[in-house]
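The values are calculated or read from the model by the stated rules, or taken from the named source; none is laboratory data. Keep in mind that what you see is a predicted model, and the values were worked out from it rather than measured. Please note: Cβ atoms are built from the backbone with ideal geometry, for glycine as well, and neighbour counts cover all protein chains shown.
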Amino acid sequence: MILHVVTDFSTQGGAQAMLARLLAHSGERAVVVALTEVSDRCRAMAGNDNVEYISLQARSPLSFPRAIWRIARLIRVHKPDVVLCWMYHAMVVGLIAKLISMRRVPVIWTVRQALDDPAAFTRSTRVAVGLSQKLSRFSDGIIYNSTRALQQHAKYGFSEANASVVPNGFLLPKNVQSRKGPARVFGLAARFHPQKDFETFFRAFAIARRSVPDLTARLAGDGVTADNAALRDLLTENNLSEDSVVLCGDLHDMSNFYDSIDMLVLSSRTEGFPNVIAEAMSYGRPVVTTDVGDAAKIVGESGYVVPARDAQALGQSLTDAANWSSEEYGGRSQAARDCIADSYSLAAIAEAYDSVLRGVGTQARASTAPHAG
C-alpha cells in the first residue's frame, strides 16, 4: 500500500493529474493525504474506490507542525510500503513525518518542476525548494518528471542518490475531432500566475495578429476570466479586441477545449514536464512552446520551440504556424499524436513508477535485514 502526500489535490495541475492517473490505473488500495484539500473533481479523475482521501487544511507554515504529526500517525496506523511525496511542500512535510513516526518506511519524492526561472516561484515555494535541497539526502529516492529538472536540481545541490526520471503518462483520447488547418485558433491553458507568463503570450499574439489578422485565441485556467483586471489590462495594452481572445475560466473537462483549438501555446517561464503540451498533442494539436523543462523533447519536430520571455520569437513562431498549408498542418498534427502514443503511454509510465518503487523497497528491506556472523 502506498501513502501519497501531496501539497494539494483540488486542482487540475500537472502533479494532481498524474497522481490521479496512477490511482485510476492501479485500482489498488492507497491513502492520499493533501496538505490543503481534496476536491470532488480530483476524486472523480482518480475514479478509484479503494483510495482513502484526507484533507489536512494546512494552509500556512504555522499549521505544518500539526500536519506533520497527523501524517506521522497515519504512517504508524497504515504501515505503508512506501510514502510517495508530490511537490516541494509535501516532500518536506512527508519526510519529517516519516522521521517522527519511527517507522522504517521508504520515502520517495516526486519533483514536478524544473528550475528554469525560480524567480517565478512564490516566496513559499522558494523556501520549500531550499529546505528540500537540505533534506534531500535523507530521502530514499527522487523521481523527476523531466531530464532538465534532474540536471537543474542536481546542480542546485539536491542529492543524486537514487535519482531517476519518469515522465508523465497519458491515455490517448478516443473520437478526437480532427482539424484541417490552416491554424487559426490558438489555445493556452494555464492558471493565471507569473510562472505562466501571460504577458509574453499577449505580446506575441498581438505580433502574430498584425500579420494574420483573423487569428483568435481561447484561454482556459484558474483566474482566466473576464473579471480579472490584469487580463483586461493586457488586452488593452496590446490593442487586442475582446472578440479576438475568449477567456474560458477553469474548465473541468478539457476535451472540448482541445477540440475547439487548432494549436496550443505554452508561454511559461519555467516548467518540469508540461502536462498540457502532451495532452494537446494527444488530441492531434501541434504546439508552440517556450524552451522550459522537457517541452522541447516532448514537442520534437511536430511544433516550434522558442526561448522563454521572448515575445518576438514566440510571435514569429505563431505567425509561421498560422501560415502552414493544410497538408503541413495535417502532417504535424499526426506526428504530435503519434509521439504521445509511442513515448508517453500511461501503461508504460505506470510500470516505470512501479519499477522505481519496487527497487527502493528491495533496498530498504536489504538494509534492515539481519547480518550473519
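For residues in the range 277-321 being among the charged types (D, E, K, R) and surrounded by 20 or more Cβ atoms within 10 Å (Cβ to Cβ), which is modelled with the lowest pLDDT?
If we filter the range 277-321 for residues that are among the charged types (D, E, K, R), which is where we start, we get 279, 285, 291, 294, 297, 301, 309-310, 320.
Narrowing the set further to residues that are surrounded by 20 or more Cβ atoms within 10 Å (Cβ to Cβ) leaves 279, 285, 294.
Working: E279: 96, R285: 98, D294: 93.
So, considering only residues that are among the charged types (D, E, K, R) and surrounded by 20 or more Cβ atoms within 10 Å (Cβ to Cβ), the one modelled with the lowest pLDDT is D294.
Out of L95, L84, L99, I need the residue that is touching a residue at least 12 places away in the same chain (Cβ under 8 Å), hydrophobic (A, V, I, L, M, F, W, C) and surrounded by fewer than 18 Cβ atoms within 10 Å (Cβ to Cβ). Which one? Before you say what the answer is, go through the steps one by one.
Numbers: L95 fails: surrounded by fewer than 18 Cβ atoms within 10 Å (Cβ to Cβ); L84 fails: surrounded by fewer than 18 Cβ atoms within 10 Å (Cβ to Cβ).
L99 is the lone residue from the list that is touching a residue at least 12 places away in the same chain (Cβ under 8 Å), hydrophobic (A, V, I, L, M, F, W, C) and surrounded by fewer than 18 Cβ atoms within 10 Å (Cβ to Cβ).
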**Item:** Of all residues in the range 41-53 being crowded, with 16+ Cβ neighbours inside 10 Å and out of contact with any helix residue (DSSP H, G or I) (no Cβ under 6 Å at 6 or more places or on another chain), the one that is farthest from Q12 (Cα to Cα)
**Value:** Y53
**Prompt:** Looking only at strands (runs of 3 or more DSSP E) that fall completely inside the range 156-275, which ones have 1 or more residues that are in contact (Cβ under 8 Å) with a residue 60 or more places away in the chain?
**Reply:** 163-165, 185-189, 263-266
**Message:** If I go through the range 320-331 residue by residue, how many of them are in contact (Cβ under 8 Å) with a residue 40 or more places away in the chain and in contact with a strand residue (DSSP E or B) (Cβ under 9 Å, 6 or more places away or on another chain)?
**Reply:** 3
**Message:** It is to be established whether one or more residues within the range 202-223 are more than 30 Å from M45 (Cβ to Cβ) and of a type in the set (S, T, N, Q).
**Reply:** yes
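Only one of these is over 20 Å from R59 (Cα atoms), crowded, with 22+ Cβ neighbours inside 10 Å and touching a residue at least 12 places away in the same chain (Cβ under 8 Å): L19, L35. Name it. Can you show your working first?
Numbers: L35 fails: over 20 Å from R59 (Cα atoms).
Only one candidate passes the filter, namely L19.
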